[in-house]
Amino acid sequence: MVPCSFWGETLHLMPSGAMFWPASGLLAVSDLHLGRSERFARRSGALLPPYETHATLEKLDRDIDATGASTVICLGDSFDDLAAANGLDDTYRLWLARLIAGRTWIWITGNHDPGPIELGGSHRSELGLRPFTFRHIADPADRAEISGHYHPKAQLAGQWRPCFLVDSSRLILPAYGTYTGGLRCDDPALATLMAQDALAVLTGPRVLAIPMPR
């Protein structure tokens, strides 16, 4: 993982796409999109291997265990839509319940998310934990902000990799879920949002910080 100094706090950017704030015992992830393969099959007939929920929860389980996180914040789009949330297999409901038990768990509302669901934890539109504000979609007017939504990705040696984006004002997390795709860093939506000196921190086996491609 890569340590990142942001607004006087040390944050750890993990190979998985999770962010850990050791001083607060807080793990943040964004855009799990649980139930995506089911939604694709239901809406378009596209058949994807139905393993993304298992793979995503397995990764989250590992990260919680590795960090010992006492608080988990899911930064929106945790489920692909309301039907995907309601149709979650009982095995995965129990798995989530086990992860939630004994720790503070906060679901931030995203643009895909359903309303509150019967899985425990609390539901917020955004959350302030000084010095940070956690929300789903970045607010260009805000600072000390940690968000998700955009699924940023950058290319290195011909390969596209999900990445964190960080500048002096904000940190954007990559999509954590499987089958989530990504938005290129040079897309105007990201290029105009991030400062010229922004960094892209690529996830994967080797976490690497590079100037944000434009």
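If you go through segment 99-146 and keep only what is under 23 Å from Leu11 (Cβ atoms) and among the β-branched types (Val, Ile, Thr), you end up with Ile100, Thr104, Ile106, Ile108, Thr109, Thr133, Ile137, Ile146. Considering (1) at pLDDT below 95; (2) of a type in the set (A, V, I, L, M, F, W, C); (3) under 14 Å from the mean Cα position of the chain (by Cα), the lone condition that Leu119 does not fulfil carries the number (3).
Could you tell me which residue of segment 27-36 is farthest from Met1 (Cα to Cα), considering only residues that are touching a residue at least 60 places away in the same chain (Cβ under 8 Å) and among the aliphatic types (A, V, I, L, M)? Quick ask: steps written out before the conclusion?
Taking segment 27-36 first, the residues touching a residue at least 60 places away in the same chain (Cβ under 8 Å) are 28-34, 36.
Okay, now just the ones that are also among the aliphatic types (A, V, I, L, M), so 28-29, 32, 34.
On the way: Ala28: 14, Val29: 15, Leu32: 20, Leu34: 25 Å.
The extreme case among them is Leu34.
Residues that are modelled with pLDDT of 85 or more and surrounded by fewer than 18 Cβ atoms within 10 Å (Cβ to Cβ) were ranked within segment 70-89; the one that is farthest from the chain's Cα centre (by Cα) is Ser70. Here Tyr150, Tyr176 are screened, and the one residue that is in contact (Cβ under 8 Å) with a residue 24 or more places away in the chain, aromatic (Phe, Trp, Tyr) and open to solvent by 30 Å² or more (accessible area, probe 1.4 Å) is Tyr150. Across segment 1-33, the qualifying residues are those that are under 12 Å from the mean Cα position of the chain (by Cα) and farther than 17 Å from Ala66 by Cβ, and the one among them that is surrounded by the most Cβ atoms within 10 Å (Cβ to Cβ) is Ser30. Residues that are farther than 18 Å from Gly76 by Cβ, touching a Lys or Arg at 6+ places or on another chain (Cβ under 7 Å) and either open to solvent by 40 Å² or more (accessible area, probe 1.4 Å) or in contact (Cβ under 8 Å) with a residue 12 or more places away in the chain (or both) occur in segment 165-173; there is at least one. Scanning segment 194-214 for residues being among the aliphatic types (A, V, I, L, M), at pLDDT 95 or above, open to solvent by 20 Å² or more (accessible area, probe 1.4 Å) and part of a loop (DSSP other than H, G, I, E, B) gives a total of 1. Of all residues in segment 95-107, none satisfies being under 21 Å from Trp7 (Cβ atoms), aromatic (Phe, Trp, Tyr) and crowded, with 21+ Cβ neighbours inside 10 Å.
Starting from segment 1-26, keep only residues that are farther than 13 Å from Val201 by Cβ and in contact (Cβ under 8 Å) with a residue 24 or more places away in the chain, then list their pairs with residues that are of a type in the set (D, E, K, R) and open to solvent by less than 20 Å² (accessible area, probe 1.4 Å) whose Cβ atoms are within a distance under 9 Å, requiring at least 6 positions of separation or different chains. Every condition considered, the pairs that remain are Phe20/Asp63.
The values are calculated or read from the model by the stated rules, or taken from the named source; none is laboratory data. On a predicted model such as this, the values are computed, not experimentally measured, just so you know. Here the Cβ is made from the backbone with ideal geometry for all residues, glycine too, and neighbour counts use every protein chain on show. Only protein heavy atoms, including side chains, enter the accessible area calculation; ligands, DNA and RNA are left aside. Shrake-Rupley method; radii C 1.70, N 1.55, O 1.52, S 1.80 Å.
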